[in-house]
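Report on the following structure.
Just so it is clear, none of the values below were taken in a lab; they were calculated from the coordinates. Everything numeric in this text was worked out from a predicted model, so none of it was measured. Cβ sites come from the backbone with ideal geometry, for glycine too, and all protein chains shown count toward neighbours.
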Amino acid sequence: MARSFQALIPRLRLHAGLTLLLYVTTHLLNHAWGIFGLVALESSRRVFLSFWRHPAVFWVVPASLLIHALLVSYKLLTITSWRRLHWNEWLQLGLGLLMPLLITSHIYATRLATILYGIRDTYSYVLLSQATIAFDLYLMLVVVWLHGNLGLMAYLWHKPWFSRIKQPLLIAQIVTPLLALVGIVVAHREVNQLKQDPQWLAQVWQFANPQNIDVATATAEFMGWFGSGYLALLLGLGGGRAIILRLRRKHYLIAVEYKGIASVTIAPGTSLLEASIANGIPHAHSCGGRGRCSTCRIEIIEGVKSLNPPTETELRLLKRFGASGDIRLACQTIPTAACVVRPLLHHHDRSLPGAPTMISHGADKQIVIMFADLRGFTTLSEGKLPYDTVFILNQYFQSMGQVIEANGGYLDKFIGDGIMALFGLDGTLEQACHNALAAAQAMAYQLDVLNQRLEHDVNEPLRMGIGIHCGHVIVGDLGYKRAKHLTAIGDAVNIAARLEEATKTLHTQLVVSRAVMQHSALDLHNLALSEIPIRGRTQPLEIYSIDSAKSLVLVPLTLNT
């Protein structure tokens, strides 16, 4: 029962937060209609209220606000270590603590005043009632908007499809409150002009506040009581947290051994990630311990039965990476008895010479993978001295490597006479697809130059096949000591290798997946789309088979990267 509740808490907090964010978004869009004048703003308000104050819906926002506040309070009471919080979580927490003061004042002066005193909270009345109402409205909504969007971004950050919507979402997050500000300011100016007419002013007050209630004074008195109560609540939460932590410290009964690192004792209810952070044990946690990435995963060496069972979210994430039953996420794992564990990813950054900045323990990232291979080189090199073969290969690797790096690619490795390159370690996926295709075209031209240079060293011109695919992979440092280097692993890498192999059977120089082409700036009308089976996949893959990469017609990108 308790475990089910623990698993339900993040989901309830998320859905309550999303509901509140939707409410604030529609509220901001309502304010934006003020750009077209006070009449348009009032008309938009009627549409807004017809939904949110409908008998079937009016309870949703208060209920979501209550649930969200209670669950956040529970989190503040039970969190073991503040050091696990990122800067954006600190900002979100600070805004969240400020929100009740701003929201309650607005709710009392509008919704509660409507219920208690029969006030009609039209925009004309609200903008007339306080001199600083435009600033107060905007401050309140922006604080709530920023708080909600920080939570939304944290939730979406590790979603596979997030990179596709990140830029439009960021634009919407910036533009929406700006439009609302302009709408409020324009409407406020119009109200200031209209109130010079005594007849208009009397009509507004008679319609909105027929009993002439002093709502401003009532609101100030209520907020005095509320502010005192809210301060007492915060002090109570702080005291309650101190008591809980002290009780836990008296019952450090659970021993956790980090194999080969340290042995610690922790309080019941402490996750293994919190235990690592509290005891200064290096432990990666890219998503801040929210169960949205796999960087904090650990191997359970002893005591599998002493751990809480994994939640559906954890199982889904571990299944995605093919983890075995003894692998868990430290942020979701709470021991109930002694156990022995080993962190699989170490928490330290180390940049490789010539490589883009990348966290060494690995990151889930959507990139473009290219495989290129010389055709028939084994036969071509027969009868040659090993030195001659090495010379030709080095000429080929140098020429292609320079072209790949010149087009924003990262040379992952040389495999025999093949090359693996990565695009998009920095920048957008669209730019990465464009760069990979530009590199393939440049490689085709460079191969002609290389063949002219080697015409007396090879019996026939060098030929190559190139396969390009994009997708989500894990990018990080793999290997040991001097053999460690930045690379990528995942299904997308295997598919790119299969596409390079397919150039042999299709007798073409370049095979590109449809996913890459869709993110590029190429005109696809003259290219034939086909399907090929991919070993290890039940469904065929849609690809474009191109006889020569030199035939590609690339259009310069206009994206900011």
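Some values worked out for this structure:
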quantity	calculated
Cα-based Kirkwood hydrodynamic radius, segment 363-551, one decimal, Å	16.9 Å
Backbone N within segment 204-223 under 18 Å of label point (7 Å from Leu139 Cα along the Cβ vector)	216-217, 219-223
Convex hull projection area averaged over all views, segment 2-245, Cα basis, nm²	15.5 nm²
Tail weight of P(r) past 16 Å, computed on alpha-carbon pairs of segment 254-343, percent	45 percent
Those residues of segment 153-172 whose amide nitrogen sits under 20 Å from the label point placed on Leu22, 7 Å along Cα→Cβ	153-157, 169-170, 172
Taking all pairs of distinct alpha-carbon atoms in segment 204-243, Kirkwood radius in angstrom	12.5 Å
FRET efficiency for Leu98 and Leu14, using Cβ-Cβ distance with R0 set to 22 Å, rounded to 0.05	0.55
³J(HN,Hα) computed for each position of segment 404-413 - Karplus, 6.51 cos²θ - 1.76 cosθ + 1.60, integer Hz, glycine/proline x	4, 5, 5, 9, x, x, 10, 6, 6, 6
Spatially close lysines, pair count over segment 363-551: Cα under 27 Å, gap of eight or more or interchain	10
FRET E, pair Leu454, Val553, Förster distance 22 Å, beta-carbon r, rounded to 0.05	0.15
FRET efficiency, 1/(1 + (r/R0)^6) with R0 22 Å, evaluated for Ile115 and Tyr230 via beta carbons	0.55
Ranking of Met443, Met420, Met153 by count of other Cβ atoms within 10 Å, fewest first	Met153, Met420, Met443
Ratio of the Cα radius of gyration of segment 427-486 to 2.2 N^0.38 Å, where N counts its residues	1.60
